[in-house]
1. Return a yes/no flag: does region 275-294 have any residue that is out of contact with any Gly (no Cβ under 7 Å at 6 or more places or on another chain), surrounded by fewer than 16 Cβ atoms within 10 Å (Cβ to Cβ), in contact (Cβ under 8 Å) with a residue 60 or more places away in the chain and assigned by TED's automatic domain parsing to the domain that holds residue 212.
2. Which of the residues that make up region 305-350 are in a loop (DSSP other than H, G, I, E, B) and surrounded by fewer than 22 Cβ atoms within 10 Å (Cβ to Cβ)?
3. Being over 27 Å from residue 221 (Cα atoms), more than 21 Å from the chain's Cα centre (by Cα) and in contact (Cβ under 8 Å) with a residue 12 or more places away in the chain narrows it down to one of 7, 2, 90, so name that one.
4. Here are some residues: 3, 31. Which one is over 25 Å from residue 107 (Cα atoms), surrounded by fewer than 15 Cβ atoms within 10 Å (Cβ to Cβ) and modelled with pLDDT under 95?
5. Out of (1) crowded, with 17+ Cβ neighbours inside 10 Å; (2) of a type in the set (Val, Ile, Thr); (3) assigned by TED's automatic domain parsing to the domain that holds residue 87, what's the single condition that is false for residue 251?
6. Sort through 41, 9, 24 and tell me the only one that's assigned by TED's automatic domain parsing to the domain that holds residue 328 and not β-branched (Val, Ile, Thr).
7. In region 295-304, which residue that is at pLDDT 95 or above and surrounded by 13 or more Cβ atoms within 10 Å (Cβ to Cβ) is farthest from the chain's Cα centre (by Cα)?
Amino acid sequence: MDGLYLDNAATSFPKAPGVADAVAGFLTNSGCNINRGLYTASFEAANIVYETRELLCSLFNFPKPENVIFTKNITESLNVILKGLLKPGDHAIVSSMEHNAVMRPLASLAEKEVELSTVLCNNQGELRTSDLGLHIRSNTKAVIMTHASNVSGTILPLEEVGKLCKEHNLFFIIDCAQTAGFLSIDFVRLNADALTFTGHKGLLGPQGIGGFYLNDKLVSLVEPLIEGGTGSASESVLQPNYMPDRFEAGTLNLPGIYGLNAALKYLSAEGIVTIREKELNLVHRFIQDVQTIPGVQLIGPDQKQDRTGIASLNFLKHDNAEVSYHLFKDFGVMTRCGLHCAPSAHHTLGTFPHGTVRFSFSHFNSIQDVDYVIDSLRKNF
């Protein structure tokens, strides 16, 4: 790709070394299905799938590999869990920083008499756990929350929220779209009941692969959204109740799983702490320098430790979309402008309806990349 890619919050680029080779290797050398054939290639593919579940368990501290479910992305994962769990009369709580991957399924469920409360964050996107407690009712069933905002990069206090959910016997469902591969995430420590992830952002895998993890209590309560062939219990017209077959009907995205497998091995070798430190150094340098440019407003926290590798800007003297367009047209810098599929977050941050220009860094970027962008902004905007 020609130019400077700073849209990693949308999808990562480049992918981890070995990902493309893993995808191509599967398609070229195997290409078969799992759980269907009594031949070596099918068994080998099944081993890679199971190994990938184990790698995800290692990354997130999931207790059971069989409870790792593969989907095409985190949006599907959230739809499966929310629509399979919440019933008419149930009440759910979210923060005001949620992505439409959470809000749209819940809006649909609200039309079916599922009640919803939103905990307002401050104009930095920060959540006070005590405010969440004020929304708990007798019929509250679940709290659904993003780990970090895809607009401001603000990290929410999930460990505190998880403790509150445990105290009140509420299900805690986490959206890790922006933090998987960036933060050290411990499913058990967070007191989570479900964790959703996508493979193509911080995990540095290919597009089209994601998934979720359910604890044993939720496994029996969440009804499958999709049912069909599993290669198991084929004598029955009913979907198997055991895991992972309960939620994995049809052919899995094996090229995607092979690519994710390679990406997870890369992350393990590099270390999440190392990756996070480099991204934070880059975004902190960017934030420090960009705040010296007149007419540029940083959206969200400016502390290094309280954010991901995202920095969103509002240009007070220019149209944000024009800035994003000219950054690419004139300087080859790729950003994302607008509302980022998170209108609730923009309302919270005071940037609705015009949105922001979002710069999202990868550990593959460099200080020279940051300096180039700052120089481009300083001289032209």
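1. Within region 275-294 (the criterion being out of contact with any Gly (no Cβ under 7 Å at 6 or more places or on another chain), surrounded by fewer than 16 Cβ atoms within 10 Å (Cβ to Cβ), in contact (Cβ under 8 Å) with a residue 60 or more places away in the chain and assigned by TED's automatic domain parsing to the domain that holds residue 212), the answer is no, since none of the residues qualifies.
2. Initially, region 305-350 is screened for residues in a loop (DSSP other than H, G, I, E, B), giving 308-309, 316-319, 332, 335, 339-342, 350.
Result: 316, 317, 318, 319, 332, 339, 341, 350.
3. Working: 7 fails: more than 21 Å from the chain's Cα centre (by Cα); 90 fails: over 27 Å from residue 221 (Cα atoms).
It is 2.
4. Numbers: 3 fails: modelled with pLDDT under 95.
Going through 3, 31 in turn, the sole match is 31.
5. Only one criterion in (1) crowded, with 17+ Cβ neighbours inside 10 Å; (2) of a type in the set (Val, Ile, Thr); (3) assigned by TED's automatic domain parsing to the domain that holds residue 87 is unmet by residue 251, namely (1).
6. After ruling out the rest, the residue left standing is 9.
7. To start, the set of residues in region 295-304 that are at pLDDT 95 or above comprises 295-299.
Right, trim to surrounded by 13 or more Cβ atoms within 10 Å (Cβ to Cβ) and you get 296-299.
Working: 296: 28, 297: 26, 298: 23, 299: 20 Å.
That would be 296.
Here is a yes/no grid of residues against (1) surrounded by fewer than 24 Cβ atoms within 10 Å (Cβ to Cβ); (2) free of Cβ contacts under 8 Å to residues at least 24 places away in the same chain; (3) in contact with a strand residue (DSSP E or B) (Cβ under 9 Å, 6 or more places away or on another chain):
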| position | (1), (2), (3) |
| --- | --- |
| 153 | no, no, yes |
| 158 | no, no, yes |
| 170 | yes, no, yes |
| 176 | no, no, yes |
| 184 | yes, no, no |
| 195 | no, no, yes |
| 203 | no, no, yes |
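The values are calculated or read from the model by the stated rules, or taken from the named source; none is laboratory data. Not measured: the values here are computed from a predicted model. With ideal geometry, Cβ positions are generated from the backbone for all residues, glycine too; neighbour counts draw on all protein chains shown.
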